[in-house]
Amino acid sequence: MKRLVPLLLVALAAAAHDFPHPKLDRLRLSPSNILVWVDYLVSPGAPAQSLRAAFAGNRGALLQHLARSAALRTRVTVDGVEVALGQQTARGEGLDEPQSSTALLAVRLDMQGRWPEGRGDWRGRRQVVLLDEDPTGHVVASVACSGCRIVDASSGAWEKAPDEERVLGAQTPLTLLVRLP
């Protein structure tokens, strides 16, 4: 529940019932793996109520549907090779509400993949591309790189800290050049 509190704050801050961007992607890179966290929101009101009714109280099936919806169109490539993202966990919010409830539905999906073989370009940089879409055509994204360097990013604002580098406020498709040790 505590991990989903930021999701709920975003939901409460929305001026209307519809979210301008129902998905938020967070990419976390390290020399050992690639993690993608996708937050997916279903607007309160009729959209959430109809999903609850469609799954007739089957919490597991509703969570699975939300997780599939969150993963839909989310892809990562490295040097043109698609990374196989395996689902680690899916945590839902609002799944236990009664079928008649119009409350927000949300899921956080954690996916993980490995770096494909290769060393990148002649400077040792790997091109990482995060692809995703929502009804607006793009997804808001952020990146954290721990134990590696972000050399370039197609969008967003860079933030460098002693322990990691970040790109905040980016949009998909997001292209990064990353240097691993």
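Taking only Cα atoms and a 10 Å spring cutoff, compute GNM fluctuations for the chain and point out the largest among Thr136, Thr74, Thr102.
Largest GNM mean-square fluctuation: Thr136.
Taking amide H atoms as placed 1.01 Å from N in the peptide plane, list the residues 5 or more away in sequence, or in a different chain, whose amide H sits under 5 Å from that of Leu95.
none
Where nothing but the Cβ of Lys and Arg (+1) and of Asp and Glu (-1) is charged, how large is the charge dipole of the stretch 114-181 around its Cα centre, in debye to the nearest 20?
Dipole size: approximately 400 debye.
Hey, got a sec? Which trypsin sites (Lys or Arg not before Pro) in the stretch 115-175 land in a DSSP loop and have at most 11 other Cβ atoms within 10 Å?
Answer in residue order: Arg119, Arg123.
Tell me, what ³J(HN,Hα) does each residue in the stretch 136-152 have, in order and in whole Hz, if you take phi through Karplus 6.51 cos²θ - 1.76 cosθ + 1.60 with θ = phi - 60° and put x for Gly and Pro?
Listing the rounded values in order: 7, x, 8, 10, 5, 9, 9, 9, 10, 10, 10, x, 8, 10, 8, 8, 7 Hz.
If you look at just the Cα atoms of the stretch 31-181, how large are its Rg and its Dmax in Å?
Rg, Dmax (Cα atoms, Å): 17.7, 58.
With every protein chain kept in the model, how would you rank Asp25, Asp121, Asp96 by accessible area, 1.4 Å probe, largest at the top?
Result of the area sort, largest leading: Asp96, Asp121, Asp25.
Using a simple charge model, +1 on the beta-carbon of Lys and Arg, -1 on the beta-carbon of Asp and Glu, nothing else, what dipole does the stretch 19-118 show about its Cα centre, in debye to the nearest 20?
For this selection, approximately 80 debye.
With springs only between Cα atoms under 10 Å, which of Ala161, Ala90, Ala48 fluctuates most in a Gaussian network model of the chain?
Maximum fluctuation in the GNM of the chain, among the listed residues, is at Ala161.
Enter the angle in degrees (range 0 to 90, nearest 10) between the Cα long axis of helix 59-71 and the first principal axis of the Cα atoms of the chain, meaning the one along which they spread out most.
40 degrees
Report the extension gain between Arg123 and Ser50 in nm, rounded to one decimal, defined as 0.36 nm multiplied by the number of residues separating them, less their alpha carbon distance.
Extra length from Arg123 to Ser50 when fully extended: 21.1 nm.
Normalised by the residues of the chain, what does the relative contact order come to in percent, with Cα pairs under 8 Å and at least six apart?
25 percent
Rounded to the nearest 20 debye, what is the charge dipole size of the chain about its Cα centre when +1 sits on each Lys and Arg Cβ and -1 on each Asp and Glu Cβ?
Result for the chain is approximately 360 debye, rounded to the nearest 20.
Roughly how many Å² is the accessible area per residue of the chain, as a whole number, for a 1.4 Å probe?
Each residue of the chain exposes 52 Å² on average to a 1.4 Å probe.
Report in % the part of the accessible area of the stretch 55-181 that belongs to carbon and sulfur, leaving out ligands and nucleic acids; probe 1.4 Å.
Answer for the stretch 55-181 is 49 percent, counting heavy atoms of protein chains only.
Take every DSSP beta bridge with both residues inside the chain and express the antiparallel ones as a percent of the total, to the nearest 5.
Of those bridges, close to 90 percent are antiparallel.
The values are calculated or read from the model by the stated rules, or taken from the named source; none is laboratory data. Given the structure is predicted, the values throughout are model-derived calculations rather than measurements. Positions of Cβ are generated from backbone atoms using ideal geometry, with glycine treated the same way; all protein chains shown enter the neighbour counts. With ligands, DNA and RNA removed, areas are computed over all heavy atoms of the protein, side chains included. Shrake-Rupley method; radii C 1.70, N 1.55, O 1.52, S 1.80 Å.
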